[in-house]
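Report on the structure given below.
Derivation of every value follows stated rules applied to the coordinates shown; laboratory data play no part. Given the structure is predicted, the values throughout are model-derived calculations rather than measurements. Please note: Cβ atoms are built from the backbone with ideal geometry, for glycine as well, and neighbour counts cover all protein chains shown.
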Amino acid sequence: MDLSVYPPNAALDDGRLILGGCRVAEVADEFGTPAYLIDAAGLRARAVAFQEALTSRHPHSQVLFASKSFPTPSVMGLIADTGCGLDVAGLGELLAAERTGIDPSRVVLHGNAKSDAEIAKAIEMGVGYIVVDNLDDVVRISRLASEPVPVLLRVSPSVDAETNPAMATGHDTSKFGIPSHQIEDAIAQIRREPMLDLRGLHAHVGSQILNVDQFEQAIASLAKLERFDVYDVGGGLGIRYVPSDSAPTIDEYAERLVSAVHQHLGTDVELMIEPGRSMVGPNGITLYRVVTVKRGVRTHVAVDGGMGDNLEVSLYGQPFDPAIIDKSGRLEVCDVVGRHCESGDTFVTGHALVEPAVGDLLVIPATGAYTFTMSNNYNGALRPPVVFCEDGSARVAVRRETYEELLGRDLR
Ligand code: LLP
């Protein structure tokens, strides 16, 4: 079994998969499947690594975890406790941040369609910055604030991100931020509002970016504008999903990013980044049980989850590397499929698994980011629990949804 895209504290003990010192098969017995398993120590270490990589090169900097990639207080809090701030988009994530107990000055509010309620709550909490995405934000903040609110302006860096088009956000036709030809007017308009205190700029190129040049291009394009004290250059660093992938390390990323900031924006600015996927993605695995093996024209190995707990394949065609664990034997070429009622609910086709049989445990690594986030109830599936595995003990961070909760919102 190739563990190269597994979390750092994954190991094999006599052929059995261990995560954070816990036998994964025992975690399955105790908490059921499907389940999201997090290498808690690995995640904490990665949060520290991001901060060290940045602050060692640029002391006046802050790493904000992009909460959207795993928006639950347990995960956000674990990361915030290491010293990271939190980037939130929307009231739900803002309330989750509040629940972590983080100092609100380390929270940044995003959103391309912020409601009055979101802005009012952010002001009441005293978040560090509200990121203005559009001129209606300006009107709303002016109306709701009673003293000047520190804001950043999200601008288009005019970079065509080399990623899935659904995750590209740096181009001028994007729905996010102010397109380049309108930035100067927007800045002037914000400055006319006494309740907005414009401190700097924000730009986010896109997500799953593997070519670091693209971050440099965004920073160079920010330098074409007037200088500010604060720059938040967003998230987006890509990760490895399958063993044949390669991705920049945190240090390579930080080195290139900070060099570009120093070259184009100066050495005395406040610098922020917002990693989501690259923070939590490599530290999560999803655990399933094989429900049926159908040997027909192809061999379909169906598990007890699927696009209800992982939309990455259906939405973006993301390749994954599932493996049957704790088993040795002959390899068989299979299609790994989910339990949902559409053919698109397929994790991977033509993939070698060890003699799949009903009841086997199947793990998909590199599923820490955006899986929990976009989990859903397709076919009445219950959203899976999140289990932290650390130092040989497994504890539930988010419990499994119940059928009472599933049906409880319907008033019949
Ligand atoms: N900052 C902003 C303003 C963002 O919009 C995003 C992601 C991030 C930071 C974090 O980016 P990351 O480091 O995670 O790449 N639903 C998709 C991902 C969409 C990302 C949206 N914005 C998925 O499942 O892969």
Task: Label-point separation, Ser259 to Arg298 (7 Å along Cα→Cβ), nm - done: 4.4 nm
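What ranking of Ser74, Ser156 emerges when the number of other C-beta atoms within 10 Å of each C-beta is taken as an exposure proxy, fewest first?
Numbers: Ser74 19, Ser156 24.
Listing Ser74, Ser156 from fewest to most nearby Cβ atoms yields Ser74, Ser156.
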Task: FRET E, pair Ala188, Asp81, Förster distance 56 Å, beta-carbon r, rounded to 0.05 - done: 0.85
Task: For the chain, calculated [θ]222 nm from helices alone, where every DSSP H run of n ≥ 4 adds -39500 (n - 2.57) - done: -7500 deg cm²/dmol
Task: Fully extended contour minus Cα-Cα distance, from Thr249 to Ser180, at 0.36 nm per residue - done: 21.8 nm
Task: Extension gain (nm, one decimal) between Ala45 and Ala11, 0.36 nm per residue minus Cα-Cα - done: 10.5 nm
- [ ] Provide Tyr36, Tyr378 in ascending order of the number of other Cβ atoms located within 10 Å of each residue's Cβ, fewest first.
- [x] Tyr378, Tyr36
TODO: For Met374 paired with Cys341, estimate the spin-label separation in nm (one decimal), with each label point 7 Å from Cα along the Cα-to-Cβ line.
DONE: 2.2 nm
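If contacts are Cα pairs under 8 angstrom and at least 6 residues apart, what is the relative contact order of the range 339-412 in percent? Walk me through the intermediate numbers first.
Details: 42 pairs, mean separation 14.8, N = 74.
Contact order relative to length: 20 percent.
Note the full-extension length gain between Val358 and Arg106 as 0.36 nm times their separation in residues minus their Cα-Cα distance, in nm to one decimal.
Values: separation 252, 0.36 × 252 = 90.72 nm, distance 4.78 nm.
Contour length minus the Cα-Cα distance gives 85.9 nm.
Expressed as a fraction of 2.2 N^0.38 Å, the rule-of-thumb size for a compact globular protein of N residues, what is the C-alpha radius of gyration of the chain? It would help to have the intermediate numbers written out before the result.
On the way: Rg = 22.1 Å, N = 412, 2.2 N^0.38 = 21.7 Å.
In units of the globular-protein estimate, the chain measures up at 1.02.
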Task: Magnitude of the charge dipole, the range 282-395, Cβ model with Lys/Arg +1 and Asp/Glu -1, debye to 20 - done: 260 debye
- [ ] Please work out the C-alpha center-to-center distance from the range 320-343 to the range 169-205 and express it in whole Å.
- [x] 47 Å
Task: Fraction of antiparallel bridges per DSSP, the range 40-280 only, in percent to nearest 5 - done: 5 percent
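Grab the beta carbon distance between Asp29 and Glu226, set R0 = 56 Å, and tell me the FRET efficiency rounded to 0.05. Kindly include the intermediate steps, with their values, before the conclusion.
Details: r = 60 Å, r/R0 = 1.08.
The value I calculate is 0.40.
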Task: Among Thr82, Val151, Gly350 the positive-end extreme of the charge dipole of the chain (Cβ point charges) - done: Gly350
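Give me the dipole magnitude in Debye, nearest 20, for the chain about the Cα centre, with unit charges on the beta carbon: positive for Lys and Arg, negative for Asp and Glu. Please list the in-between numbers first.
Working: 35 positive and 56 negative charges, 122 e Å.
Rounded to the nearest 20 debye, it is 580 debye.
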Task: Fewest-first sequence of Thr169, Thr249 by Cβ atoms within 10 Å of each Cβ - done: Thr249, Thr169
TODO: Calculate the length of the line joining the C-alpha centroid of the range 142-157 to that of the range 256-302, in whole Å.
DONE: 30 Å
- [ ] Only residues of the range 269-293 count here: report those whose backbone N is under 17 Å from the spot 7 Å along Cα→Cβ of Glu332, or say none.
- [x] 289-293
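Expressed as a rounded percentage, what relative contact order does the range 40-280 have, with Cα pairs under 8 Å and six or more residues apart? Don't skip to the answer; put the middle values down first.
On the way: 498 pairs, mean separation 48.7, N = 241.
About 20 percent, as a whole number.
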TODO: Run the numbers on the chain and let me know its relative contact order in percent, using alpha-carbon pairs under 8 Å that are six or more apart.
DONE: 20 percent
